[in-house]
Amino acid sequence: MIGYLKGKVLSHNDGAVLLENNGIGFEIACSAQVYQKLVKDGFGEVFVYTAVREDGIFLYGFESLEEKGMFLKLISVSGVGPKMGITVLSQMSLSSLAIAIATSDVKTLSKVKGLGKKTAERIILELREKITETVVDEDGVIAVKEESVPEENKDAVIALMSLGFTKQECERAVKEALSAGEKTIEKVIAYAIKHIK
């Protein structure tokens, strides 16, 4: 499976680029962020998801491993295919998407073109459930408890976990963001994403 490619952009059209690597051109459907960057620079790198189907092999490119991780979570939801996954990531930033899932914001998610309310509800139900299930300590107790953690902080931790970070990394990053004076969930998450690596 192809997981990463770096090379020169030979052509681009409608969200897809033809990336040349060692004399071979790979056609990759990209999220809006990486597509714009590749088109602008004419050269670059992408983290790739390879989809093998009966009618062919399709490549999907992402700006970061976090973006690819979110894509994999999205397509694990029933009714969400690779094209819809790319569409969601192209119309929402990672932090906005993570916040929408963590706060069960169906309205915001439903604004994505082609994504109906029922599918948006399914994405939130399945992904928030999966994320929350992973917030468990060694004794099997959910570590992010509503009664002990302010709602917005709990949502920020869950939102960051939806990007593939560990519970410990997320809690540390949220504390750092709060210490830095960030107050809204959007700013806390944006700060945490920048400083979590």
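The values are calculated or read from the model by the stated rules, or taken from the named source; none is laboratory data. For clarity, every value in this text was computed on a predicted model and none was experimentally measured. Note: ideal-geometry Cβ built from the backbone for every residue, glycine included; neighbour counts use all protein chains shown. The accessibility values were calculated without ligands, DNA or RNA, using every heavy atom of the protein model including side chains. Shrake-Rupley method; radii C 1.70, N 1.55, O 1.52, S 1.80 Å.
It is to be established whether one or more residues within the range 64-71 are crowded, with 17+ Cβ neighbours inside 10 Å, in contact (Cβ under 8 Å) with a residue 24 or more places away in the chain, of a type in the set (Gly, Ala, Ser) and over 19 Å from residue 160 (Cβ atoms). Within the range 64-71, not a single residue is crowded, with 17+ Cβ neighbours inside 10 Å, in contact (Cβ under 8 Å) with a residue 24 or more places away in the chain, of a type in the set (Gly, Ala, Ser) and over 19 Å from residue 160 (Cβ atoms). All conditions but one from (1) of a type in the set (Ser, Thr, Tyr); (2) at pLDDT 90 or above; (3) surrounded by 20 or more Cβ atoms within 10 Å (Cβ to Cβ) apply to residue 108; the one that does not is (3). Contact map, the range 74-97: residues that are in contact (Cβ under 8 Å) with a residue 40 or more places away in the chain paired with residues that are in a helix (DSSP H, G or I) and of a type in the set (Lys, Arg), Cβ distance under 9 Å, separation 6+ or inter-chain. Pairs shown: 76/130; 77/122; 78/122; 79/118; 79/122; 80/122. Selection of the range 173-197 for residues being in a loop (DSSP other than H, G, I, E, B) and acidic (Asp, Glu) yields only 182. Counting only strands (runs of 3 or more DSSP E) that sit wholly inside the range 1-112, those with at least 1 residues that are within 27 Å of residue 126 (Cβ to Cβ) are 24-30, 43-53, 56-62. Per the conditions (1) open to solvent by less than 70 Å² (accessible area, probe 1.4 Å); (2) at pLDDT below 85; (3) touching a helix residue (DSSP H, G or I) at 6+ places or on another chain (Cβ under 6 Å), the sole criterion not satisfied by residue 137 is (3).
Across the range 147-168, the qualifying residues are those that are open to solvent by 60 Å² or more (accessible area, probe 1.4 Å) and modelled with pLDDT of 80 or more, and the one among them that is nearest to the chain's Cα centre (by Cα) is 166.
Residues are listed down the side, and each one gets a yes or a no for (1) touching a Cys at 6+ places or on another chain (Cβ under 8 Å); (2) under 17 Å from residue 68 (Cα atoms); (3) small (Gly, Ala, Ser); (4) open to solvent by 30 Å² or more (accessible area, probe 1.4 Å):
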residue	(1), (2), (3), (4)
5	no, yes, no, no
18	no, no, no, yes
24	no, no, no, yes
28	no, yes, no, no
35	no, yes, no, yes
39	no, no, no, yes
43	no, no, no, yes
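Comparison of 18, 72, 65 shows that the only residue that is at pLDDT 95 or above and either touching a Phe, Trp or Tyr at 6+ places or on another chain (Cβ under 6 Å) or farther than 17 Å from residue 113 by Cβ (or both) is 18.
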